[in-house]
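Comments concern the structure below.
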Amino acid sequence: MVGVHLAFYSQRLVDGVVEDFCNLGAWCVLEPHRSHGIRMLRALLAQPGYTFTDLSPSGAVVPLNQRLRFSSLDTETVLVPARPLPWPRRTKVIHDPAVIESRLTGMDKVIFDDHRGATAARHLLLQRGDRECYVIFRHDRRKNVPAFASILHASDRELLSQSMTELSRHLLVRHGVLCVLGELRVIGPRPSFSLRLKRPRPKMFRSTRVGADAIDYLYSELTCVAW
C-alpha cells in the first residue's frame with residue numbers, strides 16, 4: 001500500500017429526503033507515488049449521488065478543492081474566553097452520559113447514540129427552566145496549545161448563546177479549556193464577551209443536491225478523530 005484517502009460515509013435526512021454524504025478525511029501518498037494522489041481523490045469524487053465535505057483542508061488543498069468545484073462554507077468564528085466566576089448560574093450543565101441519554105429524544109437521541117463511541121466527540125446537556133440544549137464539542141489545538149474546545153453541534157443555539165458563561169466555566173474546571181471556539185453558523189447569535197477570529201479555518205463542500213445550510217460537522221473526522 002502506497003497511498004490512502006480516508007472517507008467517512010453517512011446518510012442524513014435533509015428536508016425529509018435521505019441524502020448520501022461522503023466526508024473526506026486524511027489523504028496520504030508516499031513521495032515516489034505522489035503523482036497518483038489526485039487519481040485517488042478523483043475516484044472518490046466520481047461516486048454518483050454524494051454530497052462531499054472537506055472539513056479540515058490544509059492550505060495546499062483549498063485551491064485544489066476550488067478547482068474541483070468545491071464551495072467554501074461561511075466559517076466566521078468567535079472565541080469566548082473561559083470565565084471562572086461562579087455566576088450567573090441560571091443554566092445547569094449536565095455531563096453524565098446516562099443522564100444525557102435519558103433526557104434526549106428524537107433526532108438528538110439518534111445523534112447521541114451514533115456518536116457515543118466517537119473518539120473526538122464530547123457530550124453535554126444545558127438545562128435552563130424547561131429548555132434544554134444538547135451540545136457536542138471537541139478538544140482542539142491552536143498554535144499547538146491544547147486548551148481549546150470547538151462546538152460542533154447545538155440543538156438550541158439561542159440557549160447556548162445565553163449559557164456561554166456557564167458552559168465555558170464547566171469546560172475550564174472539568175477539561176482545562178481556556179477558550180471556547182464556535183462558528184456562528186453552528187452556535188447562532190454571537191455570545192457576549194466574544195472575539196472574532198481574523199483567520200477562521202476553512203471548510204468546504206461539493207454538492208448538486210443540498211445547500212450550505214444542510215452541512216454540519218457530525219458523522220465526520222471532526223467527531224471521529226482527535227488531534
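The table for this structure:
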quantity	calculated
Residue that is nearest to the chain's Cα centre (by Cα) [pool: residues in the range 202-225 that are surrounded by fewer than 16 Cβ atoms within 10 Å (Cβ to Cβ) and of a type in the set (Gly, Ala, Ser)]	Ala212
Selection within the range 109-118 - touching a residue at least 40 places away in the same chain (Cβ under 8 Å) and outside any helix (DSSP H, G or I)	Ala118
Restricting the range 42-72 to residues that are touching a Phe, Trp or Tyr at 6+ places or on another chain (Cβ under 7 Å) and not aromatic (Phe, Trp, Tyr), the residue that is farthest from Pro202 (Cα to Cα)	Leu45
The range 144-159, subset within 15 Å of the chain's Cα centre (by Cα) and not hydroxyl-bearing (Ser, Thr, Tyr), residue farthest from Arg174 (Cα to Cα)	Arg157
Condition broken by Gly37, with the remaining ones in (1) under 24 Å from Phe137 (Cβ atoms); (2) outside the structural domain of Glu183 (by TED's automatic domain parsing); (3) small (Gly, Ala, Ser) satisfied	(1)
Residue within the range 69-92 that is modelled with pLDDT of 95 or more, of a type in the set (A, V, I, L, M, F, W, C) and assigned to a loop (DSSP other than H, G, I, E, B) present	yes
Strands (runs of 3 or more DSSP E) lying entirely in the range 119-227 (those with 1 or more residues that are at pLDDT below 95)	131-142, 145-154
Single residue of the range 132-143 satisfying the filter (within 17 Å of Leu222 (Cα to Cα) and surrounded by fewer than 20 Cβ atoms within 10 Å (Cβ to Cβ)) that is farthest from the chain's Cα centre (by Cα)	Arg142
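The values are calculated or read from the model by the stated rules, or taken from the named source; none is laboratory data. Predicted model, so just to flag it, every value in this text is computed and none were measured. Note: ideal-geometry Cβ built from the backbone for every residue, glycine included; neighbour counts use all protein chains shown.
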